[in-house]
Amino acid sequence: MQTVKLKRLLTDDNFHTGYSDITKYIASNDIFVKTGWIETRKIDASIRLNNIYFKINNNQELNAYDICDACILPVYNHGKSNEELIDILVYITKNCKTTAFLFEILITCVCAWINYLLTDKKKIDKMIGDLKMMSEIGFKEMWDHIQYKRYMGLIELKDEELHQREETISQQADALSQKDEELHQKDETIEKLLQYAPDSVKNDLKNIK
């Protein structure tokens, strides 16, 4: 692996007024595949890491931007050794909460960095094997969590529907009670008026009842 330090870029002054944000370019001289990656000083890894650690410590889910930061952490300005970087990435992977889809992306990228940055073959195989096992377990746990959330959501929806029905029934009962009160008042009024009615009218009303 070779490291190339970049010098001042001679380009249009409208776009570059100083040294490039890229501080290092690392090329891998593999006989099958030639790969390379850059390190930039513009993005401070500590800021991104603090945000991720805060969410992990407060039991908050990592969103797509957080997962992206973790996946490309080695290209940030970090000042860490390869072993330290891998330890950080493995810690994030083992302790973070996120969606099943983003979790799979994170594990895939971390496995790729382990294979790329470390040299101990036994350690590489052990770490990648552990992460793949965690991927299978983690996916099931997250799927169960998603199903549980859906189930609880349905229960909350049903509870809300039942609450609305109870309110409707209560309103209808109040309306019926008000109607009964009105009818009762009308009956009392009729009884009072009948006191002054002729006997023939009283007899007719009794026959109707």
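The values are calculated or read from the model by the stated rules, or taken from the named source; none is laboratory data. Being a predicted model, the structure only gives us computed values, none of them experimental. With ideal geometry, Cβ positions are generated from the backbone for all residues, glycine too; neighbour counts draw on all protein chains shown.
Restricting attention to segment 147-181, the residues that are within 39 Å of the chain's Cα centre (by Cα), at pLDDT 75 or above and among the small types (Gly, Ala, Ser) add up to 1.
Is it fair to say Ile38 is at pLDDT below 60 and outside any loop (DSSP other than H, G, I, E, B)? Yes; evaluated as a whole, the condition is true for this residue. Among the residues of segment 49-87, the ones that are more than 22 Å from the chain's Cα centre (by Cα) and either more than 27 Å from Thr119 (Cβ to Cβ) or not small (Gly, Ala, Ser) (or both) come to 12 in all.
Hey, could you check segment 20-35 for residues that are under 20 Å from Cys111 (Cα atoms) and not in a strand (DSSP E or B) and say which is modelled with the lowest pLDDT? Only one residue fits best here, namely Val33. Can you find a residue in segment 97-116 that is acidic (Asp, Glu), closer than 24 Å to Ile52 by Cβ, modelled with pLDDT under 90 and part of a helix (DSSP H, G or I)? Yes, some residue in segment 97-116 is acidic (Asp, Glu), closer than 24 Å to Ile52 by Cβ, modelled with pLDDT under 90 and part of a helix (DSSP H, G or I). Could you please find all residues in segment 63-96 being in a loop (DSSP other than H, G, I, E, B), touching a helix residue (DSSP H, G or I) at 6+ places or on another chain (Cβ under 6 Å) and modelled with pLDDT of 90 or more? Passing the criteria: only Cys96. Scanning segment 120-146 for residues that are modelled with pLDDT of 65 or more and within 19 Å of the chain's Cα centre (by Cα), we see that the one that is farthest from Val90 (Cα to Cα) is Asp144.
A quick yes/no check of all residues on (1) under 20 Å from Asn59 (Cβ atoms); (2) free of Cβ contacts under 8 Å to residues at least 60 places away in the same chain; (3) surrounded by 16 or more Cβ atoms within 10 Å (Cβ to Cβ):
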{"residue": "Pro74", "(1), (2), (3)": "no, yes, yes"}
{"residue": "His78", "(1), (2), (3)": "no, yes, yes"}
{"residue": "Leu85", "(1), (2), (3)": "no, yes, yes"}
{"residue": "Ile88", "(1), (2), (3)": "yes, yes, yes"}
{"residue": "Thr98", "(1), (2), (3)": "yes, yes, yes"}
{"residue": "Ile105", "(1), (2), (3)": "no, yes, yes"}
{"residue": "Thr108", "(1), (2), (3)": "no, yes, no"}
{"residue": "Tyr116", "(1), (2), (3)": "no, no, yes"}
{"residue": "Lys123", "(1), (2), (3)": "no, yes, no"}
